[in-house]
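A.B. asks: Dumping the structure here so I can ask a few things about it.
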Amino acid sequence: LLVPGIIVAPYFDREMISYQLAGLVAMAVATMAFSTLEFRKPDLQRLFLFAIAPVISVSVLTIYYLITQDIRFSGGGANEQITGGIGANQVAAALSFGATVAFFYIFLALDAPKVRNLMLGLMFGFTALSILTFSRSGLWNTVGAVAIGLFFLAQDRLRASRVLMMLVQFALVGYFLLFPFLLNLTSGTFLDRFSDFDSTGRDKLVEIDYQLFLDNPLTGVGVGRSPYYHIAYFGYLKNTHTEYFRLLAEHGSLGVAAIGMLALITIRRFLKKQKPFEKSVTTAFTVWMLLYLAHSATRMVAPSFAFALAAAKFLPEEEAEDDSITSSYYHRR
């Protein structure tokens, strides 16, 4: 494998191959498993709690560093001081996933004010911490998923008024509490960061990977090989951030087929006839996954889980209440 100024002998790199493929394999296996499951309301509540629990741990770690360290906020890039040296992009994504799950839990606890308010607090707490990492991807993932979720929830006549109330509540809390808090804590630098549309090199990665695809349209350059082609520009081995172009560069025509399958599944989910809440969950988690792959490839299992969860069937609330069998976590079709 030749890169200008650098010669890298081709070899079987098991770690790099597993790194690039583990997320996609997890997505495929989990999606097949979840597609056979039906979740009732109590089951979904338990599942969401299990998903939120580890995000709370990440939040505690972030808050610990925020309190104990002299964090210097600047608008130049992601802040790994507040994440304890862990990749800010990954921490922001985990917090974003927790915020999205907490958002949907709110609508599963409309008749339980204390739980509903707790989830509302967690949603805004996760979002605030995500913003403080100065990794923009977390916020945009949350906004995209919540926006599509609210769109379909608003089509439910029974929930429409409550959705409107939640929108007003989101706006008030965000404007009068969250925004002033972040503005004061970061001395306004978070506005500089989130108003900056610099791609931090992702555009160049996309350009290189697309050229690799054009040069090797049939088979690609091989799994785990594209980072070596990034050395010439960045000066070091840099992994791809956009999964769609990694698929093209490394898998060639098979990558095109994989992207086509993702697109087909997404379109089917949007067109599938479902009740508003089920449609909201299905489309929101699918959108969250698609946005994640656009900026962070498959660095975590969260997008695999989100995409798989969207494949499950969610029983209407009224069916869940009438059904006497609610003791198990899930029921196979």
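A.B. asks: For segment 236-293, how many residues are of a type in the set (D, E, K, R) and free of Cβ contacts under 8 Å to residues at least 24 places away in the same chain?
C.D. replies: Result for segment 236-293: 3.
A.B. asks: Right, here's the next one. Would you please list the contacts, defined by Cβ atoms under 7 Å and residues six or more apart or on different chains, that run from a residue in segment 170-181 that is within 12 Å of LEU120 (Cβ to Cβ) to a residue that is not β-branched (Val, Ile, Thr)?
C.D. replies: From residues that are within 12 Å of LEU120 (Cβ to Cβ), the pairs are VAL173/PHE124; LEU178/PHE124; LEU178/ALA128.
A.B. asks: Please determine whether any residue of segment 177-191 is open to solvent by 60 Å² or more (accessible area, probe 1.4 Å), within 23 Å of the chain's Cα centre (by Cα) and of a type in the set (Ser, Thr, Tyr).
C.D. replies: no
A.B. asks: What are the residues in segment 236-253 that are part of a helix (DSSP H, G or I) and among the aliphatic types (A, V, I, L, M), if any? If you could, list the steps in order and put the result at the bottom.
C.D. replies: The first filter runs over segment 236-253 and keeps only residues part of a helix (DSSP H, G or I), leaving 243-251, 253.
LEU247, LEU248, ALA249, listed by residue number.
A.B. asks: Being closer than 20 Å to LEU205 by Cβ, assigned to a helix (DSSP H, G or I), at pLDDT below 95 and open to solvent by 50 Å² or more (accessible area, probe 1.4 Å) is the requirement here; does TYR233 meet it?
C.D. replies: yes
A.B. asks: Can you work out which of the residues in segment 236-255 that are in contact with a helix residue (DSSP H, G or I) (Cβ under 7 Å, 6 or more places away or on another chain) and aliphatic (A, V, I, L, M) is surrounded by the fewest Cβ atoms within 10 Å (Cβ to Cβ)?
C.D. replies: Across segment 236-255, the extreme among qualifying residues is LEU237.
A.B. asks: Moving on to the next point. For segment 31-88, give me each residue that is closer than 19 Å to VAL115 by Cβ, among the charged types (D, E, K, R) and either assigned to a loop (DSSP other than H, G, I, E, B) or open to solvent by less than 40 Å² (accessible area, probe 1.4 Å) (or both).
C.D. replies: ARG40, ASP43
A.B. asks: Let me ask something else. Go through (1) in contact with a strand residue (DSSP E or B) (Cβ under 9 Å, 6 or more places away or on another chain); (2) open to solvent by 20 Å² or more (accessible area, probe 1.4 Å); (3) at pLDDT 95 or above and name the single condition ARG269 misses.
C.D. replies: (1)
A.B. asks: Another one. Yes or no: segment 192-204 includes at least one residue that is at pLDDT 95 or above and under 28 Å from LEU139 (Cα atoms).
C.D. replies: So far as segment 192-204 goes, no, none of its residues is at pLDDT 95 or above and under 28 Å from LEU139 (Cα atoms).
A.B. asks: Further, regarding this structure: Name the one entry in GLY125, GLY138, GLY98, GLY121 that is open to solvent by 20 Å² or more (accessible area, probe 1.4 Å), small (Gly, Ala, Ser) and without any contact (Cβ under 8 Å) to a residue 60 or more places away in the chain.
C.D. replies: Unique residue meeting the criteria: GLY121.
A.B. asks: Go through segment 192-226 residue by residue and tally those that are closer than 19 Å to HIS295 by Cβ, among the small types (Gly, Ala, Ser) and either in contact (Cβ under 8 Å) with a residue 60 or more places away in the chain or buried (at least 18 other Cβ atoms within 10 Å of the Cβ) (or both).
C.D. replies: 1
A.B. asks: Another question about this same structure. Inside segment 103-115, can you point out the residues that are open to solvent by 10 Å² or more (accessible area, probe 1.4 Å), assigned to a helix (DSSP H, G or I) and either in contact (Cβ under 8 Å) with a residue 12 or more places away in the chain or under 15 Å from LYS41 (Cα atoms) (or both)?
C.D. replies: Of everything in segment 103-115, those that are open to solvent by 10 Å² or more (accessible area, probe 1.4 Å), assigned to a helix (DSSP H, G or I) and either in contact (Cβ under 8 Å) with a residue 12 or more places away in the chain or under 15 Å from LYS41 (Cα atoms) (or both) turn out to be TYR105, VAL115.
The values are calculated or read from the model by the stated rules, or taken from the named source; none is laboratory data. Keep in mind that this is a model prediction, so the values were computed, not measured. In this analysis, Cβ positions are derived from the backbone assuming ideal geometry, glycine residues included, and neighbour counts consider all displayed protein chains. The protein model used for the area step is the full one, side chains on, heavy atoms only, and it has no ligands, DNA or RNA in it. Shrake-Rupley method; radii C 1.70, N 1.55, O 1.52, S 1.80 Å.
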